[in-house]
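Visitor: Before I ask anything, here is the structure I am working with.
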Amino acid sequence: MYEVRFHGRGGQGAVMAAQALADAAFIEGNYAVAFPFFGAERRGAPVLAFARVDKGKIYEKTQVYEPDYVVVLDDKLPQLVDVTKGLKEGGMAIINTPLKPEEVELGKEVKTATVDATSVALEVLGTPITNSAILGAFAKATGVVSIESIEKGIMDIFGARLGEKLAEKNARAARVAYERTQVGTCKGTLKYPEEKKWLPTVQEFPTGGALGLEVKTDAGLVGLGSFVENKTGSWRTFMPVVDNSKCANCKLCWFYCPEGAIEMLMNMPENEGKNIKGIVIDYDYCKGCGICANECPTKAITMER
């Protein structure tokens with residue numbers, strides 16, 4: 001048996017990738033299962049998916065804690081999460097990144113395959129959804145399943161949900177990524193802080209059961225205002241870039257920003273009484289949704305990789 005753990009973000013298709021891999025393995029005469037683990041079910045939030053493949057029937061239903069392979073769909077996740085945690089001796093990491101394997105830093109030195117799956121997805125699909133491209137990299141790096149079977153698995157799983165034309169594009173993205181994948185060994189230099197469990201004890205909650213304000217626990221803040229601890233800016237694929245000389249102070253970007261990540265310069269205490277135009281974006285929390293650029297009537301905001 002070999003086990004695969006997928007690390008991605010909501011909307012990148014980690015679950016479909018695991019299912020397509022299982023389908024590809026089944027096509028080659030194996031038993032295979034795939035299943036997800038969801039935390040916050042929100043686009044951009046970290047998600048996990050798992051796949052198991054064996055020549056015999058598979059009865060294990062737990063999460064994959066000691067994978068043979070880890071597949072990372074988002075190049076910023078390894079800076080936040082130890083994706084190699086539990087990786088078996090001799091295991092491999094397959095990562096979406098423009099870096100070469102020897103330039104990648106992880107929590108331990110392991111065999112690593114890299115491909116710029118985001119660029120492949122933008123080139124072939126026109127959207128930064130990296131699940132099909134990373135499957136091509138998986139086939140090239142591991143050799144446990146052929147690229148032809150991966151393409152068939154994509155046609156089966158993606159085709160059933162997205163239609164044949166989009167499935168064909170995704171199969172092509174897998175093939176392009178297959179050709180561009182590099183294999184080497186990463187650096188094992190990253191040090192991760194001790195993992196915090198988001199499980200405050202009942203004694204840490206205020207009497208009455210309702211949280212009026214944030215509560216400090218060993219896990220961090222819980223309740224209203226606790227989002228400030230989770231700097232979600234790493235979710236971005238594109239970022240808004242501002243030319244304040246074009247800003248009309250219309251406040252549309254400020255009004256429509258779903259994260260409250262925009263502040264008007266004119267509203268800052270140090271600028272009180274000044275005739276000043278422009279905005280400041282808090283990139284710690286901006287997720288790069290592009291709504292501000294879409295709403296800006298003067299095109300003072302543009303989206304860039």
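Visitor: So if I check each of Asp68, Asp54, Asp74, Asp82, which one is more than 27 Å from Met155 (Cβ to Cβ) and among the charged types (D, E, K, R)?
Guide: Asp82
Quick grid of which residues meet (1) over 14 Å from the mean Cα position of the chain (by Cα); (2) at positive phi:
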| site | (1), (2) |
| --- | --- |
| Tyr2 | yes, no |
| Gly10 | no, no |
| Gly29 | yes, yes |
| Val53 | yes, no |
| Gly86 | yes, yes |
| Gly91 | yes, no |
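Visitor: At pLDDT 95 or above, under 21 Å from the mean Cα position of the chain (by Cα), closer than 16 Å to Gln19 by Cβ and of a type in the set (A, V, I, L, M), is that true of Ala139?
Guide: Yes, satisfied.
Visitor: Sticking with this structure for a sec: Does the stretch 199-208 include one or more residues that are touching a Ser or Thr at 6+ places or on another chain (Cβ under 8 Å) and modelled with pLDDT of 95 or more?
Guide: We begin by selecting, within the stretch 199-208, every residue touching a Ser or Thr at 6+ places or on another chain (Cβ under 8 Å); these are 200-201, 204.
Keeping just the survivors that are modelled with pLDDT of 95 or more gives none.
No, the stretch 199-208 has no match at all.
Visitor: Follow-up. Being crowded, with 21+ Cβ neighbours inside 10 Å, out of contact with any His (no Cβ under 7 Å at 6 or more places or on another chain), on the phi < 0 side of the Ramachandran plot and assigned to a strand (DSSP E or B) is true for just one of Ile95, Ile150, Ile154. Which residue is that?
Guide: Being crowded, with 21+ Cβ neighbours inside 10 Å, out of contact with any His (no Cβ under 7 Å at 6 or more places or on another chain), on the phi < 0 side of the Ramachandran plot and assigned to a strand (DSSP E or B) holds for just one of Ile95, Ile150, Ile154, which is Ile95.
The rows are residues; the columns are (1) aliphatic (A, V, I, L, M); (2) more than 20 Å from Lys187 (Cβ to Cβ).
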site	(1), (2)
Pro78	no, no
Ile95	yes, no
Leu99	yes, no
Val120	yes, yes
Phe138	no, yes
Arg161	no, yes
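Visitor: So if I check each of Ala32, Ala20, Ala24, which one is under 19 Å from Ala93 (Cα atoms) and crowded, with 18+ Cβ neighbours inside 10 Å? Reasoning before the result, please.
Guide: Details: Ala32 fails: under 19 Å from Ala93 (Cα atoms); Ala24 fails: under 19 Å from Ala93 (Cα atoms).
Going through Ala32, Ala20, Ala24 in turn, the sole match is Ala20.
Visitor: Among the numbered conditions (1) surrounded by fewer than 16 Cβ atoms within 10 Å (Cβ to Cβ); (2) within 30 Å of Val120 (Cβ to Cβ); (3) out of contact with any strand residue (DSSP E or B) (no Cβ under 9 Å at 6 or more places or on another chain), tell me where Arg305 comes up short.
Guide: Condition (3) is where Arg305 drops out.
Visitor: Here is a follow-up. Out of all the residues in the stretch 1-44, which are modelled with pLDDT of 90 or more and assigned to a loop (DSSP other than H, G, I, E, B)?
Guide: If the condition is that a residue be modelled with pLDDT of 90 or more and assigned to a loop (DSSP other than H, G, I, E, B), then Met1, Glu28, Gly29, Asn30 are the ones that fit.
Visitor: Would you call Ala219 among the aliphatic types (A, V, I, L, M), surrounded by 15 or more Cβ atoms within 10 Å (Cβ to Cβ) and at pLDDT below 90?
Guide: Taking the combined requirement at face value, the residue satisfies it.
Visitor: Another question about this same structure. Checking Gly184 against (1) at pLDDT 95 or above; (2) crowded, with 16+ Cβ neighbours inside 10 Å, which test does it fail?
Guide: Just one mismatch for Gly184, condition (2).
Visitor: Right, something else. Restricting to the stretch 55-81, give me the number of residues that are among the hydroxyl-bearing types (Ser, Thr, Tyr) and in contact with a helix residue (DSSP H, G or I) (Cβ under 8 Å, 6 or more places away or on another chain).
Guide: Residues that pass the stated criteria total 1.
Visitor: If you go through the stretch 233-241 one residue at a time, do you hit one that is under 30 Å from Pro46 (Cα atoms), modelled with pLDDT under 90 and either surrounded by fewer than 13 Cβ atoms within 10 Å (Cβ to Cβ) or over 22 Å from the mean Cα position of the chain (by Cα) (or both)? Talk me through it step by step, then tell me what you get.
Guide: The first filter runs over the stretch 233-241 and keeps only residues under 30 Å from Pro46 (Cα atoms), leaving 233-241.
Then keep just the ones that are modelled with pLDDT under 90; that gives 233-237.
Add one more test, that the residue is either surrounded by fewer than 13 Cβ atoms within 10 Å (Cβ to Cβ) or over 22 Å from the mean Cα position of the chain (by Cα) (or both), and what stays is none.
Taking every residue of the stretch 233-241 in turn, none turns out to be under 30 Å from Pro46 (Cα atoms), modelled with pLDDT under 90 and either surrounded by fewer than 13 Cβ atoms within 10 Å (Cβ to Cβ) or over 22 Å from the mean Cα position of the chain (by Cα) (or both).
Visitor: Please verify whether Ile279 is within 25 Å of Thr127 (Cβ to Cβ) and not aromatic (Phe, Trp, Tyr), treating the condition exactly as stated.
Guide: Here the answer is no, as Ile279 does not meet what is asked.
Visitor: Tell me which residues, restricted to the stretch 98-134, are surrounded by fewer than 17 Cβ atoms within 10 Å (Cβ to Cβ) and part of a helix (DSSP H, G or I).
Guide: Glu102, Glu103, Glu123 - these are the residues of the stretch 98-134 that are surrounded by fewer than 17 Cβ atoms within 10 Å (Cβ to Cβ) and part of a helix (DSSP H, G or I).
The values are calculated or read from the model by the stated rules, or taken from the named source; none is laboratory data. Treat the numbers as computed from the prediction; the structure is a model and nothing was measured. We place every Cβ from the backbone using ideal geometry, glycine too, and count neighbours over all the protein chains shown.
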